[in-house]
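*Asks:* Before we start, here is the structure in question, set down as structure tokens.
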Amino acid sequence: MAKARPNLTVIGAGYVGLTTAIAAAMQGHQVHVIETNPERVADVRRGRAPFYEPGLEEALARSLRSRRLSIDTHNTSVPLAPIVMLCVGTPPLPSGAADLTFLDQAAYGVGRKLTPGPSTIVVVKSTVLPGTTQTVVHAAVKRGADPKARFEVASNPEFLREGSALKDALEPDRIVVGADSVTAARVVLSLYKKVKCPKITVNVRTAETIKYAANAFLALKIGFSNEMANLCERVGVDWYDVIQGLAPDPRIGGLFLRAGAGFGGSCFPKDVAALRSAFRKEDIPSPILDAVLDGNDRQPLVAVDLLRQEVGPLQGKRIALLGLAFKPDTDDVRETRALPILRALAAEGAHVVCHDPKAGPNFRKIEPTATLVPSVAEALRGAAGCIVQTEWDAYRRITPRRFRELMDTPVVVDGRRTYDAAKMKRAGIRYRAIGLGRATME
Ligand code: UGA
């Protein structure tokens, strides 16, 4: 356990909280994490991360050894640091709006721990709609706090991607700090002294808005690519060739244009829906956000369509589904496109055999009846077709020959452009990929 008094308290040891805490400890801060779940606390103390994230456990072990990181439940005797970061979940409600219960509870808990003395800065890292830090977090801290305790709220959104979260935390492309006083901004920025990147200081509401605008814009880029790819498919153009002609234009850029089975994860679908709920609340139309979400719901079915074009009616056919995680290098299955693909295949009577290098147990929780097998070979053996939903490295390494040897009919539908189309075709695979354009294969 760390001995020194912390200069940063992190509330919540989820994916954002734990990664942020470890990165801060690696940058020399003394960090204390408060987590409600005692099992998670015990795991983290033993050096075990509660989710799979490359490099995180090694970094956790180093941070624990250096005694810069400690973790405890709310009963901790370690006092709050001058900066407290709220990193709790804001899961979606059926309406699409974010559920702020955890945030409210966490903020109230922080309030209860505040003591009269120097002001504490309560920083919101969780993704929240403009105004929430003030209306929900400030109000909850105040509700819990001794009237003599002094505190300010601030916003410091995260831009971490699962699969590269630690690197993103250590080498961010920008830091955004939202504060309504110069002092609060300075205190939050002091956490990032060692980080070299643009640092943008704005007011709290603006920082909250930046986070939503960033995620919605990235989702929009993907949605646009998917829509274009669907046209490319019909007119015999490879969307990935089109990207080459777009990327050098700095106004467009080449990133986040990969077309495929749609975006999943805990952020894009939820954040775009939450942003849309804010438009609805203000009674402002949001046709772009509506289209992004609708298109994303349809996109997994494009993979099923391509498969049907090659295999014919799916009734009674054995189909391999490779990749259950919403993206590679994570075991996260939230909003994974594997689920609508699996359900669409099953609805047409296919017998679907699923595989994922990491996400099987989590997928089982959301789809208990799914058939999961422990190896790629078992998934492919005897299959009439295969859909690749996650571009894991392990799948990239499957050779065309291996597909041919194992499968009954070598039909591969690539939902993430994992393979070289020409190589697959040369090897006799009936290969289809979203946005590849059928004519380009003939
Ligand atoms: C996303 C953002 O990229 C982060 O900047 C942000 O901090 C994070 O959400 C968050 O709000 O916490 P993440 O969801 O972890 O990160 O992963 P991404 O790499 O953005 O991928 C999201 C989904 O989009 C995946 O399903 C991925 O397959 C899909 N995607 C991504 C595409 O379909 N095409 C692309 O070109 C890129």
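Rundown of residues vs (1) more than 24 Å from SER225 (Cβ to Cβ); (2) within 16 Å of the ligand (Cβ to nearest atom); (3) surrounded by fewer than 18 Cβ atoms within 10 Å (Cβ to Cβ), yes/no style:
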site: VAL352; (1), (2), (3): yes, no, no
site: ALA370; (1), (2), (3): yes, no, no
site: ALA379; (1), (2), (3): yes, no, no
site: THR390; (1), (2), (3): no, yes, no
site: ASP393; (1), (2), (3): no, yes, yes
site: ILE398; (1), (2), (3): yes, no, no
site: GLU405; (1), (2), (3): yes, no, yes
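*Asks:* List the number of the failed condition for ILE83; all other conditions in (1) buried (at least 20 other Cβ atoms within 10 Å of the Cβ); (2) under 22 Å from ARG280 (Cβ atoms); (3) at pLDDT 95 or above hold.
*Replies:* Every listed condition holds for ILE83 apart from (2).
*Asks:* Please tell me if LEU306 is closer than 18 Å to VAL412 by Cα and either crowded, with 19+ Cβ neighbours inside 10 Å or β-branched (Val, Ile, Thr) (or both).
*Replies:* For LEU306, the condition - closer than 18 Å to VAL412 by Cα and either crowded, with 19+ Cβ neighbours inside 10 Å or β-branched (Val, Ile, Thr) (or both) - is met.
*Asks:* Keeping to the range 283-297, report how many residues are of a type outside the set (S, T, N, Q) and free of Cβ contacts under 8 Å to residues at least 24 places away in the same chain.
*Replies:* Looking only at that region, the number is 6.
*Asks:* With (1) out of contact with any Leu (no Cβ under 7 Å at 6 or more places or on another chain); (2) part of a strand (DSSP E or B) as the list, and THR76 as the residue in question, which single condition is left unmet?
*Replies:* So the condition that THR76 fails would be (2).
*Asks:* Exactly one of these conditions fails for GLY144: (1) buried (at least 24 other Cβ atoms within 10 Å of the Cβ); (2) touching a Phe, Trp or Tyr at 6+ places or on another chain (Cβ under 6 Å). Give me its number.
*Replies:* (1)
*Asks:* Can you spot a residue in the range 326-344 that is away from the ligand (no atom under 12 Å from the Cβ), under 19 Å from ALA394 (Cα atoms) and assigned to a strand (DSSP E or B)?
*Replies:* There is no residue in the range 326-344 that is away from the ligand (no atom under 12 Å from the Cβ), under 19 Å from ALA394 (Cα atoms) and assigned to a strand (DSSP E or B).
*Asks:* Taking the range 120-159 as the region of interest, how many residues are in contact with a strand residue (DSSP E or B) (Cβ under 8 Å, 6 or more places away or on another chain), of a type in the set (Gly, Ala, Ser) and more than 16 Å from the ligand (Cβ to nearest atom)?
*Replies:* Counting residues in the range 120-159 that are in contact with a strand residue (DSSP E or B) (Cβ under 8 Å, 6 or more places away or on another chain), of a type in the set (Gly, Ala, Ser) and more than 16 Å from the ligand (Cβ to nearest atom) gives 3.
*Asks:* Can you tell me which residue among ALA370, ALA379, ALA383, ALA421 is in contact with a Cys (Cβ under 6 Å, 6 or more places away or on another chain) and of a type in the set (Gly, Ala, Ser)?
*Replies:* ALA370
*Asks:* Here's a check for you: in the range 167-190, which residue that is within 17 Å of HIS29 (Cβ to Cβ) and surrounded by 22 or more Cβ atoms within 10 Å (Cβ to Cβ) is nearest to the chain's Cα centre (by Cα)?
*Replies:* Ranking the qualifying residues of the range 167-190, first place goes to ALA169.
*Asks:* I'd like the full set of residues that are hydroxyl-bearing (Ser, Thr, Tyr) and not in a loop (DSSP other than H, G, I, E, B), limited to the range 357-401.
*Replies:* THR371, TYR395
*Asks:* Now for a separate question. From the set of residues in the range 160-170 that are closer than 18 Å to GLY264 by Cβ and of a type in the set (A, V, I, L, M, F, W, C), which is farthest from the ligand (Cβ to nearest atom)?
*Replies:* Going through the qualifying residues, I end up with ALA165.
*Asks:* Moving to a separate point now. Do any helices (runs of 4 or more DSSP H) lying entirely in the range 164-264 carry at least 1 residues that are without any contact (Cβ under 8 Å) to a residue 40 or more places away in the chain and under 19 Å from VAL128 (Cβ atoms), and which ones are they?
*Replies:* Ranges flagged: 182-190, 204-235.
*Asks:* Could you list, ordered by first residue, the pairs with Cβ atoms under 8 Å in which the first is in the range 300-316 and over 14 Å from ALA229 (Cβ atoms) and the second is among the basic types (Lys, Arg) and part of a helix (DSSP H, G or I), at least 6 apart or interchain?
*Replies:* Note: pairs meeting the criteria are LEU314/ARG308.
*Asks:* A follow-up question, please. Where residues in the range 223-246 are over 16 Å from ARG298 (Cα atoms) and within 12 Å of the ligand (Cβ to nearest atom), which of them is surrounded by the most Cβ atoms within 10 Å (Cβ to Cβ)?
*Replies:* Applying the filter and picking the extreme gives TRP239.
*Asks:* Take the conditions of a type outside the set (Val, Ile, Thr), in a loop (DSSP other than H, G, I, E, B), closer than 18 Å to ALA98 by Cβ and touching a residue at least 40 places away in the same chain (Cβ under 8 Å) and apply them to SER277. Does it pass?
*Replies:* no
*Asks:* Looking at the structure I just gave you, is VAL88 crowded, with 21+ Cβ neighbours inside 10 Å, at negative phi, modelled with pLDDT of 95 or more and in a loop (DSSP other than H, G, I, E, B)?
*Replies:* So VAL88 passes the test.
*Asks:* Please state which one of ALA25, ALA13, ALA49 is in a helix (DSSP H, G or I) and either within 23 Å of the chain's Cα centre (by Cα) or without any contact (Cβ under 8 Å) to a residue 12 or more places away in the chain (or both).
*Replies:* Of ALA25, ALA13, ALA49, the one residue that is in a helix (DSSP H, G or I) and either within 23 Å of the chain's Cα centre (by Cα) or without any contact (Cβ under 8 Å) to a residue 12 or more places away in the chain (or both) is ALA25.
The values are calculated or read from the model by the stated rules, or taken from the named source; none is laboratory data. Owing to the predicted nature of the structure, the values given are computational and were not obtained by experimental measurement. Glycine gets a Cβ as well: all are built from the backbone with ideal geometry, and neighbour counts include every protein chain shown.
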